[in-house]
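Below is one structure, written out as structure tokens; comments come after it.
Any read-out appearing in this document is the output of simple, stated calculations on the displayed coordinates, not a laboratory observation. Please read these numbers as outputs of a predicted model, since none were measured by experiment. Note: ideal-geometry Cβ built from the backbone for every residue, glycine included; neighbour counts use all protein chains shown.
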Amino acid sequence: MPRKNETPGAMSDGQALKGLLKLIVAGRKARCTIAFIAVIVNSVAIAGNAFFTMLLVNNYILPLVSAKAHHLPVNFTPLLHAITVMACVCAVGVIANLVFSRMMAIMGQDVQEDIRNQMFEHMQTLPIGYFDTHAFGDIMSYYTNDIDTLRQMITQSIPQVMTAAVTLFAALIAMLIISWRLLIIVLVIMVINLIVVRWVQTRSSRHFTVQQEALGALDGFIEEMIQGQRVVKVFNHEKGSQKVFDGYNETLRESAYQANAYSNVLMPILVNTGYLQYAMIAVVGVILFVEKVASITLGAVASFVQLGRVFSVNLARVSQQANYIIMALAGTKRILRFLDEEPEHDSGYIDLVETEAGYHWSRPEEDGSTTLIPLRGEVVLDHVDFSYVPGKPVLRDISMRAKPGHKLALVGATGAGKTTITNLITRFYEIDAGAIYYDGIDIRDIRKPALRRSFGVVLQDTNLFTGTVYDNIRYGRLDATDEEIQQAATYTDADDFIQTLSEGYETEVSGASDSLSQGQRQLLSIARAAIADPPAMVLDEATSSIDTRTEKLIQSGMDTLMSDRTTFVIAHRLSTIRNADNICVIDGGRIIENGTHGELMAQKGYYFQLYTGVFDIE
């Protein structure tokens, strides 16, 4: 199935912000409460400092000036006491600000960790189909770019916005107490600013969303190019790749340009309206003082000018963080959409248990008891239909039976549906019609973890993980001891080459490592399946990418692994499946022939022509 990049959803900024706040508050109510109290204390201290200016001028400075002018004794003690009190208030505000900033920094890192954990946990519940239709680089962008925008928002934007918002409210209350007439000027300027902010944010928000999507698409393309560098170089496709990259990069540049062009225009507008407000308050305030309107004092004018400045500065701080908030909300939308993806559905209730007598299906009964059904390994596909995309069938009326301990081979051209059949048996995808039975049990009644634990899978593309050889084999069974791992490696003929490695089983390998040959990697994959000791096996073209000499080395390990196990084998090399108990030939999503090698050769049909080279299996 083709991959596609995620398209923007219909989630609004309000919904994204609400979802983000839930993620922040979850399990952190005490810290959030402390942070909120701290920001209120800090804001009250800021507003109180401006309010103190009025008291300082009216109650201390002007009386001292008057006493000096009339040659009266001058007493600075009350002024010093007032300044001391105000200094203590300012100190409390500074401490509150430090507490608030530290709390937000801690919560920012905690939220990042929790969201990443949630995302990774949720990612592992998603069906395989999700990864078929989403670029890996775009998924990686959730964990890096989008999460980073949240970190910046939580540790920088939210603290500044919260501080500014509470300070704005405190300043408004103080200005209302001092002079409602001068407050009108501030409110008029504020309404103008809010209209401008709303107009700009509406446009920049759309472009920031496109920017995050474009960044994810770019990451997806880069990831593909890194993985395919050899192919790019072999076919001299550097210029073509560069052209495609330039297209993705230009889309990102254009969306980022548009987003920042709108958001960056806010600061100059708000700064200049702040200066206008400052001048208007000073002029009107002096006129009211000179004309003695409403008994306004010089201290009130001085305090109001300072409060107006506090108001405009904090409004500008809010707008300055607008672009970061919008960008973070765009990232939040992508993360929330990812977390809202429907997890893999599992309606099964039958489990798999291992007893001294072997593996058994454990079926709970209505009376509370449990019935154990021996796992024999019989798999039956009964008139199965399947399509990845509705209306475009991939498999049609597939019926086959794998007897316990038998080897069933699937043969056909690339795209015929062989791998799809094994993916249906392990329920990576759900069938459209028909049924699949495992020991007479509909596999939809078996819990998916139990069903998949009953199968060992060896794929054509081996996936190794960063760690030692021990770690990679132990991936098949995490509680396996070192001795058991060595036994499994010996059992599957992998021990010989492992002993030649620099540090033996302690040798570090990785998925991208070229230190191991394809055959060696495949042997590790077979040993990994062996340590799991599964009752059944799926070998999906496990030897198609290696040479015949290496295949003979691996074949011994595979034969050992398949011994006494029900095995589904997909192979391009027909010579590797001659000893299969049953061979199903698939073409166009249908089984057109089945039987043993001898029976199919005697029919002189499609299989005969494939085997004798009349048809190319590709």
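Using C-alpha pairs below 8 Å separated by at least 6 residues, the relative contact order for the chain is 14 percent. With the simple spin-label model, which puts each label point 7 Å out from Cα in the Cβ direction, the residue 340 to residue 279 separation comes to 4.8 nm. For residue 483 and residue 94, a Förster radius of 56 Å and the Cβ-Cβ distance give a FRET efficiency of 0.35, rounded to the nearest 0.05. Taking each residue as 0.36 nm, the span from residue 437 to residue 578 lengthens on full extension beyond its C-alpha to C-alpha distance by 48.1 nm. Bridgeable lysines around residue 392 (alpha carbons under 27 Å apart, same-chain partners fewer than 8 residues away excluded): 4, 418, 448.
For region 153-179, the residues whose backbone nitrogen is under 19 Å from a point 7 Å from the Cα of residue 110, taken along Cα to Cβ, are 153-160, 162-163.
Computed from the Cβ-Cβ distance with R0 of 45 Å, the FRET efficiency linking residue 34 to residue 265 stands at 0.75. Over all projection directions, the Cα-based convex hull of the chain averages an area of 40.9 nm². Of the residues 191, 318, the one with the fewest other Cβ atoms within 10 Å heads the list, and the complete ranking is 191, 318. Residues 180, 361, arranged from fewest to most other Cβ atoms within 10 angstrom of their Cβ, appear as 180, 361. Contact order for region 13-339, expressed relative to its length and based on alpha carbon pairs under 8 Å spaced 6+ residues apart, stands at 32 percent. Computed from the C-beta positions of residue 355 and residue 245, the FRET efficiency with R₀ = 56 Å rounds to 0.45.
By the count of neighbouring beta-carbon atoms within 10 Å, fewest first, 255, 515, 502 end up ordered 502, 515, 255.
Over the residues of the chain, the helix contribution to mean residue ellipticity at 222 nm works out to -19000 deg cm²/dmol, using -39500 (n - 2.57) for each DSSP H run of at least 4. For region 77-127 and region 362-430, compute the distance between their C-alpha centroids and round to whole Å. The two parts, judged by their Cα centres, are 55 Å apart. Here residue 22 is the anchor, and the lysines within straight C-alpha reach of less than 24 Å, apart from those fewer than 8 places off in the same chain, are 333.
Extending 7 Å from the Cα toward the beta-carbon at both residue 313 and residue 196 defines two label points whose distance is 1.9 nm. For the chain, the antiparallel share of DSSP beta bridges with both residues in that region comes to about 60%. Decide, for region 212-252, between rounded, prolate and oblate: order the square roots of the alpha carbon gyration tensor eigenvalues as a ≥ b ≥ c, take rounded if a/c falls under 1.5, and otherwise choose prolate if a/b is larger than b/c, else oblate. Oblate shape, in that a/c is at least 1.5 and b/c is the bigger or equal ratio.
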